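Asker: Submitted below is the structure of interest, expressed as structure tokens.
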């Protein structure tokens, strides 16, 4: 009878072990399915952008919510070009609610050196091209301060994404919510600084 009990005990242990392995094999994919997929993250999760190698005068593009977000590292000359043409702009003070409060200023950012905007024209959703050179060198005329040109219907924006008057685009380029995680790392899609150090 003790041999029978020993066999039952061995069978019970083997069955329990197999059950635990099966439960773990089932639990791992289930738990993994609870984390957001790459597609879900692209649909709305914040995106980090490292600007440490972005030289002054250069622009990079990252994708957030399926949209291109431009990060332009402005030069001192680009910042100076934001002044003097406010009378030609449709919304120079960024009164339209297209940006967080910290971007309601001439440079439309929380750090004047960096412009962060959604690179989609507010007219019909085309993607403007960069026309950073000021003056005639840009092909935009002698009084061009530098900025962006939407090739679809001709809307023009300055180096803060502010639209000029009488353009097809009705409003400035959108500024997404963002915050600085460090001197060179941006988090686009989240501007809650309550947890920031």
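Asker: Being within 27 Å of residue 191 (Cα to Cα), out of contact with any helix residue (DSSP H, G or I) (no Cβ under 9 Å at 6 or more places or on another chain), assigned by TED's automatic domain parsing to the domain that holds residue 163 and exposed (fewer than 14 other Cβ atoms within 10 Å of the Cβ): is that true of residue 95 here?
Answerer: Yes; evaluated as a whole, the condition is true for this residue.
Asker: Just to confirm my filter: which strands (runs of 3 or more DSSP E) fall fully inside the range 121-184 and include at least 2 residues that are in contact with a strand residue (DSSP E or B) (Cβ under 8 Å, 6 or more places away or on another chain) and within 17 Å of residue 103 (Cα to Cα)?
Answerer: Strands (runs of 3 or more DSSP E) meeting the threshold: 156-158, 178-180.
The values are calculated or read from the model by the stated rules, or taken from the named source; none is laboratory data. Not measured: the values here are computed from a predicted model. Note: ideal-geometry Cβ built from the backbone for every residue, glycine included; neighbour counts use all protein chains shown.
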